[in-house]
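These notes concern the structure reproduced below.
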Amino acid sequence: AAGVIQSPRHLIKEKRETATLKCYPIPRHDTVYWYQQGPGQDPQFLISFYEKMQSDKGSIPDRFSAQQFSDYHSELNMSSLELGDSALYFCASSLSGITPGELFFGEGSRLTVL
Amino acid sequence: QQQVKQSPQSLIVQKGGISIINCAYENTAFDYFPWYQQFPGKGPALLIAIRPDVSEKKEGRFTISFNKSAKQFSLHIMDSQPGDSATYFCAARMWDTGNQFYFGTGTSLTVIP
């Protein structure tokens with residue numbers, strides 16, 4: 001079965017640079033979530049989209065933005081990168097209505113800021 | 001503020017033993033309580049989940065016990081195996097706020113052969 005696809009898997013950037021992460025949800029899933037996970041930390045919710053509209057916002061810095069496109073893939077844009085942005089970034093998707101609540105996570109994108 | 005409190009932070013169990021991880025919450029608006037298993041470098045994967053109208057759910061060696069009045073739930077791993085060594089996260093879902101999930105801080109489980 002198709003899973004959540006994230007790219008790139010690894011990304012190395014310098015301070016003050018920008019980075020873009022991509023997420024392709026499971027087909028027919030209508031909700032996409034972005035999470036940030038620091039070393040030894042629990043996933044921190046950043047932002048979510050339902051049917052291409054932002055549905056909820058968590059601890060996403062103002063330097064970050066995200067959107068969901070017509071094909072339901074989502075992109076997380078990060079600007080003015082800081083050392084503290086180094087983390088694993090997970091995208092998750094879910095299908096509302098039939099089995100609400102099941103989050104399916106991608107493999108993650110590891111961002112390293114030097 | 002941590003919406004879901006999880007303990008212990010780490011756990012070492014002998015092969016064949018029982019692993020128990022506990023979580024507690026305050027917000028009674030939570031309506032779905034999943035457990036996720038995460039291996040290093042991988043995304044969390046749904047292990048087992050329960051709704052608050054059920055006191056126990058069992059799937060193979062994994063059991064969730066849910067105490068609604070105490071606002072606590074726990075994961076029991078019976079006959080723990082070295083392959084169970086991973087980080088486990090409990091979570092709680094609040095449907096009213098757009099299907100947002102709140103995660104516990106995680107428990108690193110090591111099963112010794």
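The values are calculated or read from the model by the stated rules, or taken from the named source; none is laboratory data. What you see is a predicted model, and the numbers here were worked out from it, not measured in a lab. Backbone-built Cβ (ideal geometry, glycine too); neighbour counts: all protein chains shown. When the accessible area is computed, the model is the full protein with side chains, heavy atoms only, and any ligands, DNA or RNA have been set aside. Shrake-Rupley method; radii C 1.70, N 1.55, O 1.52, S 1.80 Å.
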Q. Restricting the search to region B:1-29, which residues are open to solvent by 50 Å² or more (accessible area, probe 1.4 Å) and among the aliphatic types (A, V, I, L, M)?
A. B:Ile12, B:Ile18, B:Ile20
Q: Tell me the strands (runs of 3 or more DSSP E) entirely within region A:35-94 that contain at least 1 residues that are more than 14 Å from chain B (Cβ to nearest Cβ) and not aromatic (Phe, Trp, Tyr).
A: A:64-68, A:74-78
Q: Name the single residue, out of those in region A:95-114 being at pLDDT 90 or above and over 12 Å from A:Lys13 (Cβ atoms), that is farthest from the other protein chains (Cβ to nearest Cβ).
A: A:Phe104
Q: State all residues of region A:34-75 that are among the hydroxyl-bearing types (Ser, Thr, Tyr) and open to solvent by less than 30 Å² (accessible area, probe 1.4 Å); if no residue qualifies, say none.
A: A:Tyr35, A:Ser48, A:Ser74
Q. Picking from A:Lys22, A:Lys15, which residue would you name as being assigned to a strand (DSSP E or B), at pLDDT 95 or above, of a type outside the set (Ser, Thr, Tyr) and under 22 Å from A:Leu114 (Cβ atoms)?
A. A:Lys22
Q | The lone exception for B:Leu75 - which of (1) under 16 Å from B:Gln6 (Cα atoms); (2) in contact (Cβ under 8 Å) with a residue 60 or more places away in the chain it fails | A | (2)
Q: For region B:34-51, name all the residues that are under 12 Å from B:Ala92 (Cβ atoms) and either in a loop (DSSP other than H, G, I, E, B) or over 8 Å from the mean Cα position of the chain (by Cα) (or both).
A: B:Ala49, B:Ile50, B:Arg51
Q. Of A:Leu11, A:Leu21, which residue is farther than 19 Å from B:Leu46 by Cβ, of a type in the set (A, V, I, L, M, F, W, C) and open to solvent by 20 Å² or more (accessible area, probe 1.4 Å)?
A. A:Leu11
Q: Hey, could you check region B:78-95 for residues that are within 14 Å of chain A (Cβ to nearest Cβ) and without any contact (Cβ under 8 Å) to a residue 60 or more places away in the chain and say which is most open to solvent (accessible area, probe 1.4 Å)?
A: B:Thr87
Q. Which of (1) small (Gly, Ala, Ser); (2) loosely packed, with under 14 Cβ neighbours inside 10 Å; (3) within 14 Å of chain A (Cβ to nearest Cβ) is the odd one out, the single condition B:Ala45 does not satisfy?
A. (2)
